[in-house]
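Working notes, structure below.
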Amino acid sequence: MSATNPNIMNTPASSRREIRQLDDAAANRIAAGEVVERPASAIKELIENALDAEATRIDVAYADGGKTLIRVSDDGYGIPPDQLALALSRHATSKIDGSDLLNIHTFGFRGEALPSMGAVGRLTITSRASGGDAAATVSVSGGVAGSVKPAALSKGTVVELRDLFHATPARLKFLRTDRSEAQAISEVVKRLAMAEPFVGFTLRDLTGGGEGRVTFRVEPQTGDLFDALHSRLARILGRDFAGNALKIDAEREGIALTGYASLPTYSRGSAVAQYMFVNGRPVKDKTFIGAIRGAYSDFLHRNRYPALALFLECDPTLVDVNVHPAKSEVRFRDPGIVRGLIVSALRHALAGAGHQASTTVSDAALGAFRPEDRPVAPVYQMETRPSRAALQSVFEVQQPGFQEVSTAFSGRVEPGAPEAVDEALSQERPLGAARAQVHENYIVAQTRDGVVIVDQHAAHERLVYERLKAQVRENGVASQALLIPEIVDLPEEQHGLILSASKELASLGLVFEDFGGTAICVRETPAILGEVNAEAMVRDICDELLDLDQTQTVKDRIEAILSRVACHGSIRSGRMMRAEEMNALLREMEATPHSGQCNHGRPTYVELKLSDIERLFGRR
């Protein structure tokens with residue numbers, strides 16, 4: 001139990017029970033605690049004001065992580081001198097008239113940001129209204145405002161906030177290091193820059209004085225919205241993202257969704273690269289998060305996350321942006337429509353990608369040929385023969401970049417048929433024609449302008465999975481009776497779980513019955529799988545049932561189980577394949593959506609362009 005506050009104990013009980021009106025200074029400091037949590041949140045409010053003022057360029061500067069100085073300058077339409085003082089009053093805003101608090105078309109509408117900053121720091125606003133004869137400035141410190149004075153400024157507004165929380169020093173103790181606060185500021189500026197590709201942004205660190213150091217700069221983009229957005233995202237999220245991002249453009253019942261989302265093979269270990277916006281406002285919304293996970297559930301392992309930037313636009317009356325003081329959360333009138341739109345839009349884009357895999361996978365493969373921890377030698381003298389471990393590392397990589405591997409080569413090679421090569425090259429097949437099989441798991445194919453290496457097990461696993469899903473959609477998975485039913489003894493928890501799902505599993509071609517105790521008798525298995533180890537498959541399905549979130553839809557649960565089942569019907573590693581089998585696999589991959597990644601989001605093939613191979617040998 002915490003110690004009792006002595007000031008409270010020394011206050012007469014009658015005074016503690018007396019209801020009093022707080023003065024404006026105290027009310028503003030309380031509001032500041034909600035609106036201005038840290039320097040980054042102050043910058044967010046000021047940038048949003050600049051955007052509401054139709055600024056085309058916004059410059060942000062800070063010192064000491066924003067604790068000693070924050071300055072935001074814009075070229076927007078400005079504030080007339082006779083309204084500067086009013087702008088520092090609580091609940092004073094030009095954004096709404098108060099008649100309809102749900103019809104919000106601007107970022108700032110509460111009228112709390114500026115007075116809140118003035119209550120906890122030293123705030124100065126200098127502005128010149130569009131068409132105005134002169135600029136004016138006003139300052140406020142600790143909630144006490146000065147008089148409006150003439151100033152020199154050619155256009156727009158400059159807001160300067162010094163000594164944040166000097167009026168409430170206890171709040172300073174809760175701020176993080178200057179470096180952490182600076183990172184938070186950078187993240188805020190970049191998020192807002194994503195949402196406004198036609199606006200230029202500059203971020204400058206003034207710590208140490210002088211002109212400071214520019215840490216981020218983007219120029220206003222031109223062209224149509226998608227071109228501008230793609231260029232802006234390439235600048236902020238990187239070229240790898242831009243090169244592996246799918247265009248999202250969908251609409252349902254007056255709600256539009258645009259943006260870009262990554263291929264499954266370009267994924268991250270956390271959701272740090274997921275950016276979501278509602279009517280231009282950066283948000284963190286559970287509806288978005290759940291819908292994204294659902295859309296990618298068929299392509300990514302549970303601990304992998306796609307990178308994306310999604311922008312939802314709708315009538316302001318369909319969403320409440322006033323549920324959080326920092327306006328970082330929203331509430332939709334009909335979240336079901338929003339979730340359905342996101343899931344369908346993302347899955348449509350993923351289906352349209354066909355067998356495409358991330359380009360970073362090929363970059364990683366090339367990296368395996370370039371040992372960086374050895375003495376540098378001319379590239380034409382390097383040994384460039386990939387080992388089994390090297391190939392495995394390429395296909396098991398789940399994000400850009402991976403560790404260097406050995407370069408020794410071993411394994412048998414099965415030559416491809418010349419006729420198949422000629423036919424594939426003449427018809428410009430994307431995955432070419434099989435030339436060899438190495439280490440009994442990797443198919444090497446020749447394309448018109450390079451080489452493709454395919455992980456036969458991962459690729460066939462995806463193909464079997466897609467066939468199973470197609471059968472489920474049509475009339476259920478066909479089953480085949482076992483000549484000798486197989487008895488599988490299970491742990492008690494798994495036994496009860498699989499029995500409860502027996503009807504669901506029967507529609508997937510797995511038919512069994514209780515055999516007494518904790519055993520089941522498997523009588524039929526999915527026909528598409530051919531001869532399988534029924535016990536191994538049952539145990540895998542039990543593991544999946546234990547892992548499944550019970551809140552998932554029936555469709556998601558079925559697909560998760562099918563993914564496990566597909567593994568048992570795919571071509572295994574270590575199996576020699578004939579040339580016609582390899583080419584048949586390549587052709588089916590080209591015709592099957594999502595075949596560029598296995599059921600867990602790993603790549604099924606890598607492509608090396610001839611120009612890249614020539615560079616390895618010093619020919620370019």
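Bear in mind that the values in this text are calculations on the coordinates, not laboratory data. Keep in mind that what you see is a predicted model, and the values were worked out from it rather than measured. Positions of Cβ are generated from backbone atoms using ideal geometry, with glycine treated the same way; all protein chains shown enter the neighbour counts.
What FRET efficiency comes out for the pair residue 613/residue 20, r = Cβ-Cβ distance, R0 = 60 Å, nearest 0.05? Calculated transfer efficiency: 0.15. Protection proxy ranking, highest mean first, for peptides 257-267, 536-546: 257-267, 536-546, where packing is the per-residue count of other beta-carbon atoms within 10 Å, averaged. Across the cross-link table entries 247/284; 190/286; 155/247; 469/503, which are compared at the Cα atoms, the separations over 27 Å belong to 155/247. Of the trypsin sites (Lys or Arg not before Pro) found in the stretch 41-79, no site is in coil according to DSSP while having at most 13 other Cβ atoms within 10 Å of its Cβ. Rounded to the nearest whole Hz, the Karplus-based 3J(HN,Hα) values (6.51 cos²θ - 1.76 cosθ + 1.60, θ = phi - 60°) of the stretch 233-243 follow the sequence 5, 4, 6, 8, 8, x, 5, 4, 4, 4, x, with x at glycine and proline. Potential lengthening of the chain between residue 250 and residue 90 amounts to 53.6 nm, from the contour at 0.36 nm per residue minus the alpha-carbon distance. Treating each Cα of the stretch 150-244 as one equal point scatterer and applying the Debye formula with no solvent, the log10 of I(q)/I(0) at q = 0.17 Å⁻¹ comes out as -0.95.
Taking other C-beta atoms within 10 angstrom as a stand-in for reagent exposure, 52, 547 fall in the order 547, 52, fewest first. When 524, 535 are arranged by Cβ crowding within 10 Å, least crowded first, meaning fewest neighbours, the order is 535, 524. Take the alpha-carbon centre of the stretch 507-524, take the same for the stretch 111-158, and report the distance between them in whole Å. Taking the Cα centre of each part, the stretch 507-524 and the stretch 111-158 sit 76 Å apart.
Residue exposure proxy: 604, 68, ordered by other Cβ atoms within 10 angstrom of their Cβ from fewest to most, comes out as 68, 604.
Here the ratio of the Cα radius of gyration of the stretch 441-546 to 2.2 N^0.38 Å is 1.32.
Of the trypsin sites (Lys or Arg not before Pro) found in the stretch 161-259, those that fall in a DSSP loop while having at most 16 other beta-carbon atoms within 10 Å are 176. Applying 1/(1 + (r/R0)^6) with R0 = 35 Å to the Cβ-Cβ distance of residue 423 and residue 234 gives a FRET efficiency near 0.40. Summing Lys and Arg as +1 and Asp and Glu as -1 over all other residues whose Cβ lies under 11 Å from the Cβ of residue 331 gives a net charge of -2.
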